[in-house]
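Written below as structure tokens is the structure these notes are about.
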Ligand SMILES: [Fe+2]
Ligand SMILES: [Fe+2]
Ligand SMILES: [Fe+2]
């Protein structure tokens, strides 16, 4: 039987607690009722008949954090709290009826609904309209009298992102530079020449400046200062030139200070996906590099919304994907894919971004590469699932699934990270 001390159960219970507490606040619950929601969510996987004082204390201590000493000192309040939690957990598991007390019944119904939604997001984070369908089922349950209408009203109060709002978000992002797509097209062309690349880069002074500064960086340490695009390309080579150009074109989107970590993660993912594509042999490595750079563009867009609840959910232990589906009705992969389609990116890249947190459902090996890249670069964006990881590895050739960055690759990344 799962114990609340099992790490996977604790992580799941924290997600449910974060989601349920947010719902409780939206429903106007205060004081002990809001705490009861949180405590029940943290303990909902524990069979009530085995819930001894030690277990309750373990969970309450974790929930109370710094307030624990004060809570423990007020002994009578503490004991009462333990009793309340036991009673609620018993009601959650259907072993005692609380329907006579509508406020306690609401607490139990709210946590049960939050638990169901979180479980569905854990299993299928990229499923289109998952939250809307969940809400439809919840309304059906309310009509059958299986949960109170107040619970459906609370879920119904969550924000939605409509297509127009998405376009509004896009207006706040800089336009993806056309020259980067031109460089990408050149990268895919068989007859790429020095002069074609030079001509494309010459049309954008900022890109040309970045290229020259990378060529002069300590990674390449030229004997003489490089001052022209032609010198830079011949010194660092065609392949590195194309990557520097693509990265420099995309970097302005991450210009604000709090997005630096996301830029670094995007570069690491780009390098990882590129190496996997090279080892796998089915995809163009430079296209894969661009895919890695843009894979979290949906997170970039969501950072412009400035929704306080989003930050709270992340702090409380929700991974970004869980917080996004709960709060906005879709996660950043789907939002990112919609952005890439508006930017006229190749459809295969949009599909890979769309399914990068549930690659087995999207049927795209590029999505599997992105999933593995996030895992290898220790970017926890969705609840980890061992079976999903195994399936993503199985979608690629053995060599591609074994990617590890070496020192030279890390130095190249550092040089690109410094491009600003
Ligand atoms: Fe659960
Ligand atoms: Fe992601
Ligand atoms: Fe990511």
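The values are calculated or read from the model by the stated rules, or taken from the named source; none is laboratory data. Quick caveat: nothing in here was measured; it's all calculated off a predicted structure. Ideal geometry is used to build each Cβ from the backbone, glycine not excepted, and the neighbour counts take in all protein chains shown.
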#### Entry: Sole residue being assigned by TED's automatic domain parsing to the domain that holds residue 254, over 15 Å from residue 345 (Cβ atoms), more than 16 Å from ligand 1 (Cβ to nearest atom) and out of contact with any strand residue (DSSP E or B) (no Cβ under 7 Å at 6 or more places or on another chain), chosen from 292, 298, 281, 317
281
### Task
Just name the residue that is surrounded by the most Cβ atoms within 10 Å (Cβ to Cβ) out of those in the stretch 261-287 that are within 14 Å of ligand 3 (Cβ to nearest atom) and under 16 Å from residue 242 (Cα atoms).
273
### Query
Just checking, how many residues over the stretch 206-216 are closer than 14 Å to residue 252 by Cα and without any contact (Cβ under 8 Å) to a residue 12 or more places away in the chain?
1
### Task
Please find, within the stretch 102-125, the residue that is nearest to residue 352 (Cα to Cα) out of those that are within 16 Å of ligand 2 (Cβ to nearest atom) and surrounded by 24 or more Cβ atoms within 10 Å (Cβ to Cβ).
125
### Summary
For residue 226, the lone unmet condition from (1) touching a residue at least 40 places away in the same chain (Cβ under 8 Å); (2) away from ligand 2 (no atom under 16 Å from the Cβ); (3) touching a helix residue (DSSP H, G or I) at 6+ places or on another chain (Cβ under 6 Å) is (1)
### Query
Out of 86, 81, which single residue is at pLDDT 80 or above, buried (at least 16 other Cβ atoms within 10 Å of the Cβ) and more than 19 Å from residue 19 (Cβ to Cβ)?
86
### Message
Being within 14 Å of the chain's Cα centre (by Cα) and within 16 Å of ligand 2 (Cβ to nearest atom) is true for just one of 378, 350. Which residue is that?
### Response
378
